[in-house]
Amino acid sequence: YGVGFTLPLYAFEKVLNIKSESTVYIVRHGVTHFLFICSSFFIYLLCLGLFKNKWIGWTTQLFYLFMPIIWAHSFFNPKDIPFMALFAVNLYLLFRTQQVPSKKMYLLFGFFLGYLVSFRMMGIILIPLFLLLNSLAFFSIPNKKPITYRLFLVKHALFLMAFIIGVLFLWPFLWESP
C-alpha cells in the first residue's frame with residue numbers, strides 16, 4: 001500500500017495538534033467516511049453524464065452509499081475505501097476527458113490518477129483504458145490535419161507529466177531521501 005491517504009492525514013493531525021490516540025482514531029475514521037460520502041457525488045455525476053437521467057444518477061448514488069458492506073467499511077477501512085473513492089473520482093475525470101478533451105482536463109486526470117496510484121498500484125489499470133478511449137476517439141476523426149496529431153501528442157504528454165508528478169509527489173518511498 002502507498003501512503004497517498006495516510007500521509008496527508010498524518011499531516012492534518014499534526015497541523016491540528018491532535019495527540020490523543022482516541023481523537024486520532026476518531027478523526028481518521030471520520031475522514032475516511034467523509035471521503036466515501038464525497039465520492040458518491042462523483043458517482044452521481046458520472047451516471048448523470050453517461051445516461052443523461054437524474055433518476056439513474058440518484059439511484060446509482062444511493063446504491064453506492066447504502067451497500068451494507070461498503071457502508072460499514074467506510075467507517076473503519078483506511079486502505080480500500082479511500083482507494084475505491086478516488087477510483088470513482090478518476091472514473092468521472094476519465095469520462096470528462098472524453099467529453100471535454102482540454103489540456104486542463106488531461107492535467108487534472110493525470111494528477112489524480114497519479115494520486116490514485118500512490119494509494120495502490122492497481123490504479124494504473126485506468127491508463128490502458130484512457131489510451132484506448134482516446135485512440136478510438138482520435139482515429140474516428142475524418143480528415144485529420146498535422147496540427148491534430150501534434151495536439152493529440154501534447155495532451156498525452158501533459159497527462160503523462162501530471163501523472164508522474166502526482167505519483168512522485170505523494171509517494172515518498174520513490175524519493176531519493178524521504
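The values are calculated or read from the model by the stated rules, or taken from the named source; none is laboratory data. Quick caveat, the model's predicted, so the values are computed rather than measured. Cβ atoms come from the backbone with ideal geometry, glycine included; neighbour counts cover every protein chain shown. Side chains are part of the model used for accessible areas, which takes the heavy atoms of the whole protein and leaves out ligands, DNA and RNA. Shrake-Rupley method; radii C 1.70, N 1.55, O 1.52, S 1.80 Å.
Computed quantities for the displayed model
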| item | result |
| --- | --- |
| 30 Å Cα cut-off, lysine pairs counted over the chain (separation 8 or more, or different chains) | 17 |
| Most fluctuating residue given options 94, 46, 153, as computed from a GNM of the chain linking Cα atoms under 10 Å | 153 |
| Mean-position separation - Cα centroids, segment 12-27 and segment 72-132, in angstrom | 28 |
| Among 66, 36, 159: highest mean-square fluctuation, GNM of the chain, C-alpha pairs under 10 Å | 66 |
| Relative contact order [Cα under 8 Å, 6+ residues apart], the chain, whole percent | 27 |
| Neighbour net charge for residue 43 - beta-carbon separation under 15 angstrom, K R +1, D E -1 | +2 |
| Surface share of carbon and sulfur [accessible, 1.4 angstrom probe, percent] for segment 1-107 | 73 |
| At least 15 Å along the helix axis (C-alpha) and Kyte average at least 0.5, DSSP helices within the chain | 21-51, 80-99, 103-119, 126-139, 146-169 |
| Accessible area (Å², per residue) of the chain, counting only protein heavy atoms and a probe of 1.4 Å | 61 |
